[in-house]
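I have placed the structure first, in the form of structure tokens, so that the comments after it can refer back to it.
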Protein chains: 2
Amino acid sequence: MQAKEQTCGPVVPTAQACAVERPLGVPDVRITGGPWARWQTVNRDVSFPLGLARLESEGNFGNLRLASGETTGEFRSPVFMDGAVHKMLEAAAWEVVREPNDRLEVFLTQAGELLERAQQDDGYLNSYYQVVRVGERYTQLDRSHEIYLGGLLALAGVARVRGGGEGALPRVARRFADHLVETFLHSDGPGFDGHPGAELAFVELYRLTGETAYLDYARKMVEDRGHGMLGKGHGGLRYFQDHQPVREAETVVGHAVRAMYLEAGIVDLYLETGDRTLLDASVRRFDDMVATKMSIIGGIGSRHRGEAFGDGYELPPDRAYNESCAAFAAIFWCWRLLLATGEGRYADLLERLLFNAFAASTSLDGSRFFYVNPLQRREDHFEADDPGRRCEWFACPCCPPNIMRLVSSLGHYLATTNADGIHLHQYAASEIHAPVGDGEVVLTVDTDYPWSGSVAVEVRETPAGEWTLGLRVPGWCDSARLVVAGEEVDATSDTQGYVRLTREWREGDKVSLDLDMPARLVRPDRRIDALRGCVALERGPLVYCFEQVDQPAGVALPDLVVPSEAAVRVVDHPDHPVLGRTVTVEVAAGVLPVPAATGLPYTSAPAPTDPAEPTTAVAVPYFQWDNRDGGGMRVWLPELEDGVAHGG
Amino acid sequence: MQAKEQTCGPVVPTAQACAVERPLGVPDVRITGGPWARWQTVNRDVSFPLGLARLESEGNFGNLRLASGETTGEFRSPVFMDGAVHKMLEAAAWEVVREPNDRLEVFLTQAGELLERAQQDDGYLNSYYQVVRVGERYTQLDRSHEIYLGGLLALAGVARVRGGGEGALPRVARRFADHLVETFLHSDGPGFDGHPGAELAFVELYRLTGETAYLDYARKMVEDRGHGMLGKGHGGLRYFQDHQPVREAETVVGHAVRAMYLEAGIVDLYLETGDRTLLDASVRRFDDMVATKMSIIGGIGSRHRGEAFGDGYELPPDRAYNESCAAFAAIFWCWRLLLATGEGRYADLLERLLFNAFAASTSLDGSRFFYVNPLQRREDHFEADDPGRRCEWFACPCCPPNIMRLVSSLGHYLATTNADGIHLHQYAASEIHAPVGDGEVVLTVDTDYPWSGSVAVEVRETPAGEWTLGLRVPGWCDSARLVVAGEEVDATSDTQGYVRLTREWREGDKVSLDLDMPARLVRPDRRIDALRGCVALERGPLVYCFEQVDQPAGVALPDLVVPSEAAVRVVDHPDHPVLGRTVTVEVAAGVLPVPAATGLPYTSAPAPTDPAEPTTAVAVPYFQWDNRDGGGMRVWLPELEDGVAHGG
């Protein structure tokens, strides 16, 4: 696999792609402070070492050694164990681009060589089918993950090449990809397996290499899906989105992570082929998902069973599945839609996903992970034998490596260029290098975002001539102020959600954007049955939650209510003893008396009208929850109207 | 297995048992009209033939033929397929006692002989371990169901013997039971498997035979559970109630059906041993379950995942699992608690379970069954590929045979005797023969219950001397009238929930009980988050629901709201075109305008205050739902206060 000279990031549309926005590479954007920088630090120092140790102790490497024939022993389940290796290789490839890292270089080299030893002569590589089910390759595509894993490996190879790396990894990835193309591109049978994800990978491989066969294969996978070619599998056609062709399906269904990967691949295919019917169908499902199947933290997948989307407006706070990987993959979809359209609403949603559903998946110290991200945990909570806290690793090791690969490549998602100049989509303290015209612009962003809405941008280097600096005004922001080179200008965003400043910039020019960021009470659409009569709290891009540990002594979370016009107070914590940098919100709330618990909890007796006692409830950012004890948590609290809570 | 002369019913405590109430046999109570009679008719005419055909077509018989060596071929999954045969044998044994049935006599004989041919020389019988996992018996007790299936077979044998039947079935059942006792009674390892149910079966076998080894083995199973002896299995210790000893556990957890069978066995063990610590612990969990883990229809098990109980107050209407078998098994528990204590609250709950969660599991024509019984179905509902309607059979064939064995033995659950006379716990048109003193009392009950609350009891035969007729005044009834032999008497129930009439009864004496049965709006405890701000409708023992098909044209179920003081009108249908005999309820309701669906369904904008348009919503008994189309259904509707619905 040879690197063409191109941007060093995960998603790099070709020159001829119909992308409105062009992404920057991982090394082009250095995160210098704020939560993103903290995430990158603990990712490097804690999550990576932990993950590498797990690849050994859980048997992922061991399975590959069995496949290579250098050892004997038992294969360690599940069937897709190779995937954690491939994902961590991609993560490591971005991490070493972001910052030199000897240990990860060794991993990239050694794991690449192990994969090469395990790879079969014809390019096939899958430890499960090489060790446990010899001779059965491609006979169980509904559940085998063989093609999906080939896609993950391809992405690792792409990342390594874009980062200037060489060696076994790119060779192995390309050989497996070529084997897949040879096997499936012109076959009559299904060219895909039960787990979408390879579509976007083969588009990216095409982008890297210019080989149209990869794009053709991605197209075949997308076109073949939706005709029931895989059979019903163990979860039905909807489970892996094989129930309807991608242009016909009106709403996302089935396994949420798979649905998201598929959509990202569909938009990638649009970007490189210009087939507008693909984009239109994907946008239609995106709009429907956001309006009816997404929780306030951006989490998706309402059902534990099948890790699946529920029906429209089925959005329970306690049983929300909101798999970390689904947030990760939804970010993939948002990002590609943003590149395809330039519309700020996709950046808005990406921000919501990133700061809430995604960020919450990792403990503050980077050592533990949520697989499931609910919006409520009761004091007595158990999920089977598990009290619902973050874990160091999982039998199905999908989430932690996904978290690592996104955190290492976060810089890629901050800004883009287009024909006119630069767009800032996300705000983080950073240094940005971007090609504009024939030159390079260097910007520094100084901000305490999301704790504060003040963002200071300084032009450090600029070519001569006019260019545009676009700044997103988030959808959550009702009032913004903008000062450019000492002069206040109109901060009203255009229909796409950006203010655009076009001028001949000079070194040292300063832009100051102030996004008003009050804490705000939010109500759900009445069709969300599970949230009826409740309110939540947001501030800026952050969703807040109430943890039992923060409430006044004697105040139990299930008895807390929020008056309709509750006063709120924002409290800045430069260095909270456990949470570090944070902003909490105090709410003038009420406490209801505890009802008796005898007999069935349904009665035709009049609802009690006991008044609520005033108290002060304390909310913390959702993404910082479960870093103290295992007590109760709620994002949504009952609203108290006229001093009486609904339902007695 | 020899029959001692004893009552011919499923639960027959010994003479020395500490039972407050003594049950009647199945043939002692003939159901003559009303829903129970209808259920028994379609059970006989439709469900049984369908079930017998399925035992052949699904491979249950085939597996046993493989085990017997008379055929060769593939074992048909799941591992517990024998259980459907055993359960249908018990059902058939009660059915032929209720009413002669040649076809079922043939089944009882032939299936009994097939089981005998399959049974191994040492008494072991399990087609899966005899065909698929030869030599591995008892090595996978966490998942094998071997002992559980032995219990089901024992119950079939007990039923056959109590009904006066002979032949292979009782022999096979007893031989397997003896094998289990020999293998496990004095073993150090666990004497139970992952699926409770054998406990109550071995108590019943003791009751039939007087063999104390069976009681000792039941005790060992109960005492051994809760110490983690089975390992974690695939669902954790809580899944099969192995997390805490039965005297210590405070609340029901894990797989709901298993929890219920275990509790029924615990109460049976109390009844025969007098160990009060067992009863106290079981009652404690019962009270907690009713107050915090039971839906209004009596359904239990809030989670699809693991078919499990949720946390306290986790009671979603849409995702309620409420497995039909869990309602069936909860009836087992209620019945034994009633026998142990004589407290009417257990009969109240049994009635709620029977007329709602249990009755809804079968279509009106007896040909289709629910495995899952939710309280809400959205128009766009899908569970994997399945739109959530009743099915003819299931890959896991547990529910239909359980429904059959309860419906055939329904007479057993209507009345009991005690030292003073007779107690009527449930009301159905019937003829009751009960031993009182040295004689026999014959009663006829004439009633249109549950459509009307009028119950007329006539004494047809009576021995000389005083005895007591006890009549349950249901907990849902606020006002009752009682006329005895033409004279009005006080209808106030005692603390146990009964009015007791003690006198020297004469043939022809008439008692007339009138239970006031208005339709009533019911509100949930405020701690049930998923039902906040909603009301439901009940009348008598019936929970009602709103099906889309019954609502006025243009009125969509998600837009319906019920004013706090809504007028209701009860409409009697002697012969509804589809539902047959029914009573519907019309509610003066409101329709809210449909909100726009764009962007995230969460907003800090003020809640809309559009007024509701008046309309008339129509409710039908929950147990009659899904007999028309596959449209929406709701048990709980949002309550409209001051003309404005909560949550906009």
Give the residue that is surrounded by the fewest Cβ atoms within 10 Å (Cβ to Cβ), with candidates limited to residues of segment A:362-387 that are away from chain B (no Cβ under 11 Å) and either over 16 Å from residue A:317 (Cα atoms) or acidic (Asp, Glu) (or both).
A:365
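Which fully enclosed strands (runs of 3 or more DSSP E) of segment B:571-648 have 2 or more residues being within 13 Å of chain A (Cβ to nearest Cβ) and at pLDDT below 95?
Values: elements: B:580-591, B:613-621, B:637-641.
Fully inside segment B:571-648 and qualifying: B:637-641.
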Yes/no for residue A:27 being assigned to a loop (DSSP other than H, G, I, E, B), at pLDDT 95 or above and closer than 20 Å to residue A:410 by Cβ:
no
Please determine whether any residue of segment A:602-614 is surrounded by fewer than 18 Cβ atoms within 10 Å (Cβ to Cβ), touching a Pro at 6+ places or on another chain (Cβ under 6 Å), of a type outside the set (A, V, I, L, M) and assigned by TED's automatic domain parsing to the domain that holds residue A:629.
yes
Residues of segment B:53-66 being open to solvent by 20 Å² or more (accessible area, probe 1.4 Å) and in contact (Cβ under 8 Å) with a residue 40 or more places away in the chain, in sequence order, are B:54, B:58, B:61, B:65, B:66
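I'd like to know if segment A:252-270 contains one or more residues that are in a helix (DSSP H, G or I) and hydroxyl-bearing (Ser, Thr, Tyr).
Going residue by residue through segment A:252-270, those that are in a helix (DSSP H, G or I) are A:256-270.
Among the residues that remain, those that are also hydroxyl-bearing (Ser, Thr, Tyr) are: A:261, A:270.
Within segment A:252-270 (the criterion being in a helix (DSSP H, G or I) and hydroxyl-bearing (Ser, Thr, Tyr)), the answer is yes, since at least one residue qualifies.
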Looking at segment B:135-172, which of its residues are in contact with a Ser or Thr (Cβ under 9 Å, 6 or more places away or on another chain), small (Gly, Ala, Ser) and assigned to a helix (DSSP H, G or I)?
B:159, B:168
Can you find a residue that is farther than 16 Å from residue A:59 by Cα and free of Cβ contacts under 8 Å to residues at least 12 places away in the same chain anywhere in segment A:112-131?
yes
If a residue has to be surrounded by 22 or more Cβ atoms within 10 Å (Cβ to Cβ) and more than 14 Å from every other protein chain (Cβ to nearest Cβ) to count, how many in segment B:247-271 make the cut?
13
Among A:207, A:175, the single one that is over 21 Å from residue A:242 (Cα atoms), touching a Ser or Thr at 6+ places or on another chain (Cβ under 8 Å) and in a helix (DSSP H, G or I) is A:207
Tell me whether segment B:176-189 contains one or more residues that are crowded, with 24+ Cβ neighbours inside 10 Å and among the β-branched types (Val, Ile, Thr).
no
Considering residues that are open to solvent by 10 Å² or more (accessible area, probe 1.4 Å) and away from chain A (no Cβ under 12 Å), the number found within segment B:301-322 is 0
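With segment B:450-540 as the region, which strands (runs of 3 or more DSSP E) entirely inside it contain at least 3 residues that are farther than 30 Å from residue B:567 by Cα and more than 14 Å from chain A (Cβ to nearest Cβ)? Give the derivation first.
Details: elements: B:454-461, B:466-472, B:480-484, B:487-489, B:498-504, B:510-515, B:519-524, B:534-539.
Counting at least 3 such residues, we get B:454-461, B:466-472, B:487-489, B:498-504.
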Looking only at segment B:198-205, decide whether some residue is in contact with a Leu (Cβ under 7 Å, 6 or more places away or on another chain), buried (at least 18 other Cβ atoms within 10 Å of the Cβ) and of a type in the set (Gly, Ala, Ser).
yes
Output for Cβ contacts, cut-off 8 Å, separation at least six or different chains, first residue closer than 16 Å to residue B:573 by Cα in segment B:606-625, second open to solvent by 10 Å² or more (accessible area, probe 1.4 Å) and charged (D, E, K, R), reads B:618/B:550; B:618/B:586; B:619/B:550; B:619/B:586; B:620/B:550
When you go through A:166, A:146, A:136 one by one, which is the residue that is surrounded by fewer than 24 Cβ atoms within 10 Å (Cβ to Cβ), of a type in the set (Asp, Glu) and either within 30 Å of residue A:409 (Cβ to Cβ) or at pLDDT below 95 (or both)?
A:166
If the requirement is being open to solvent by 10 Å² or more (accessible area, probe 1.4 Å), at pLDDT 95 or above, of a type in the set (S, T, N, Q) and within 30 Å of residue A:434 (Cα to Cα), which of these qualifies: A:41, A:72?
A:41
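Assess whether residue B:283 counts as being within 11 Å of chain A (Cβ to nearest Cβ), open to solvent by 10 Å² or more (accessible area, probe 1.4 Å) and hydrophobic (A, V, I, L, M, F, W, C). Give the steps one after another, and end with the answer.
On the way: within 11 Å of chain A (Cβ to nearest Cβ): no; open to solvent by 10 Å² or more (accessible area, probe 1.4 Å): yes; hydrophobic (A, V, I, L, M, F, W, C): yes.
No; evaluated as a whole, the condition is false for this residue.
The rows are residues; the columns are (1) touching a residue at least 40 places away in the same chain (Cβ under 8 Å); (2) more than 26 Å from the chain's Cα centre (by Cα); (3) open to solvent by 10 Å² or more (accessible area, probe 1.4 Å).
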position	(1), (2), (3)
A:521	yes, no, yes
A:533	yes, yes, no
A:546	yes, no, no
A:555	yes, yes, yes
A:559	no, yes, yes
A:566	yes, yes, yes
A:571	no, yes, yes
A:581	yes, no, yes
A:590	yes, yes, no
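The values are calculated or read from the model by the stated rules, or taken from the named source; none is laboratory data. Just so we're clear, the structure is a prediction, and the values are computed from it rather than from any experiment. Note: ideal-geometry Cβ built from the backbone for every residue, glycine included; neighbour counts use all protein chains shown. Side chains included, ligands, DNA and RNA excluded: accessible areas come from the protein's heavy atoms. Shrake-Rupley method; radii C 1.70, N 1.55, O 1.52, S 1.80 Å.
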